[in-house]
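Trainee: The structure's right below; bear with me while I get my questions together.
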Amino acid sequence: MQTRLGAQTVALERPSVILSSATVGGRQESEGPLAPYFDHLCMDSFFGEKTWEKAESAMQKMALSKALEKATLAPEDLDYVLAGDLLNQCTGTSFGLRDFHIPFFGLYGACSTMGETLALGSLLVAGGVAQRVGAMTSSHFCTAERQYRMPVPYGNQRTPTAQWTATAAGCVILGAEGNGPKITTVTCGKIVDKGVTDVNNMGAAMAPAAYDSLRAHFDATNTGPQDYDAVFTGDLGVLGHQIVTDMFAEDKVDMSQNYHDCGMLLYDVQKQDMHAGASGCGCSASVLCGYLLRQLSEGKWKKILFAPTGALLSPTSSFQGESIPGICHAVTIEA
């Protein structure tokens, strides 16, 4: 039995163990401060393929293969793999994983997908229906720009609130037993929509969802930011991070001491001219699978809250004048 805390949070009596993780990135990621934490960095945006979409599939293949290698496992040792991306119908994932022949759940949580795969994978392990699960996601700057905004060759000017979609993939292997950091609680986010319509301002669109999920998690677990070594949202960037900080300040909760955002960590925002920071599924996935888990494994942190955020829009919804709903899924990870 698992313990349900409130409407959105579950405390796992059988925590899932992170057996291994792997990260793949591109040229911009190689120039950022977290470059040493990547397993593979490629200067070719095509990753040796003919299209950017195929390149994203190649990144997922690399990430899963490397994570399996680190865990000394074969594809057939996984009961399930849970994965998704930002492309229409998640084709980056389905084409990338089709040769592994692993039972597959394709998931879409926009940029919150890493949190969604970790949450659902942990629940599968905690429920005793899986012994080992792969959880992963990816994004690619060029595929995302082509689908959601303007084709890269067009060279359109980016607004100050715009973020740079990470060309990156991250994969975690979860197990029922083993050594490694453990996922101990899962908080499922709710869809939150405050009416933001600007597709170049994802931070403002997603920040209310991040606040909502973090608030629900803190209330359900009777904790606050001071109970964690660090709290990480996904890819809100500079603006979204400030909005969440301000929203909690209205509740008289101080987030200024240990609250960070993966979108502000992946790149050197000033030197790399990333405007408001990083975004994309691969942003929080690569920061988690490289930097964050390394700090936990080395004992620098004992307990973190990882809460990636997603904007649940599509090109069609934006063309029709719809606002941008947000979502945020959170997991507690303990060394």
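Trainee: What helices does the chain have that are whole DSSP H segments, at least 24 Å long along their own axis by Cα, and with mean Kyte-Doolittle hydropathy of 0.5 or more?
Mentor: Both cut-offs are met by no helix.
Trainee: Moving on. Considering the Cα positions of the chain, please state its Rg to one decimal place and its Dmax as a whole number of Å.
Mentor: 18.1, 54
Trainee: Net charge around Ser30, counting only other residues with Cβ within less than 14 Å of its Cβ (Lys, Arg = +1; Asp, Glu = -1)?
Mentor: Overall, the nearby charge balance is -3.
Trainee: In straight Cα distance, which aspartates and glutamates are under 20 Å from Lys61, not counting same-chain residues fewer than 8 positions off?
Mentor: Glu29, Asp39, Asp44, Glu49, Glu53, Glu69, Glu76, Asp77, Asp79, Asp85, Asp99, Glu116
Trainee: Given N residues in segment 1-51, what is its alpha carbon radius of gyration divided by 2.2 N^0.38 Å?
Mentor: Ratio of Cα Rg to 2.2 N^0.38 Å: 1.90.
Trainee: Please compute one quarter of the surface area of the Cα convex hull for segment 182-334 and express it in square nanometres.
Mentor: 9.0 nm²
Trainee: Using the Cα atoms as the points, what is the convex hull volume per residue of segment 168-234 in Å³?
Mentor: Taking the convex hull of the Cα positions in segment 168-234, it is 144 Å³ per residue.
Trainee: Could you check what % of the DSSP bridge pairs in segment 182-334 are antiparallel, to the nearest 5?
Mentor: Of those bridges, close to 65 percent are antiparallel.
Trainee: What percent antiparallel are the DSSP beta bridges of the chain, to the nearest 5?
Mentor: Close to 65 percent.
Trainee: Restricting to Cα pairs below 8 Å that are 6+ residues apart, what does the relative contact order work out to for the chain? Please round to a whole percent.
Mentor: Result for the chain is 25 percent.
Trainee: Could you tell me the distance between the Cα centroids of segment 278-335 and segment 21-66, to the nearest Å?
Mentor: Between the Cα centres of segment 278-335 and segment 21-66 lies a distance of 18 Å.
Trainee: Taking only the Cα atoms of segment 3-175, how large is their convex hull per residue, in Å³?
Mentor: In segment 3-175, the Cα convex hull volume per residue is 137 Å³.
Trainee: On a 32 Å Cα-Cα criterion, which of the cross-link pairs Lys66/Lys252; Lys252/Lys303; Lys50/Lys271 come out too long?
Mentor: Lys66/Lys252
Trainee: Something else: Counting helices only, and only those DSSP H runs with n ≥ 4, report the 222 nm mean residue ellipticity of the chain as the sum of -39,500 (n - 2.57) divided by its residues, in deg cm²/dmol to the nearest 500.
Mentor: Roughly -9000 deg cm²/dmol at 222 nm, from the helical runs in the chain.
Trainee: Give the peptides 123-133, 324-334, 237-247, 207-217 in descending order of average Cβ contacts within 10 Å, highest first.
Mentor: Listed from highest to lowest mean packing, they are 324-334, 207-217, 237-247, 123-133.
Trainee: Over the chain, with a Gaussian network built from C-alpha contacts below 10 Å, which listed residue (Glu322, Glu116, Glu29) shows the highest mean-square fluctuation?
Mentor: Glu322
Trainee: Something else: Could you tell me the largest-minus-smallest coordinate of the C-alpha atoms of segment 70-116 on each of the three principal axes, in descending order and whole angstroms?
Mentor: 30, 21, 16
Just so you know, all these numbers are worked out from the coordinates, no wet-lab data involved. Note that the structure is predicted; figures quoted are calculated from it, not measured. Backbone-built Cβ (ideal geometry, glycine too); neighbour counts: all protein chains shown.
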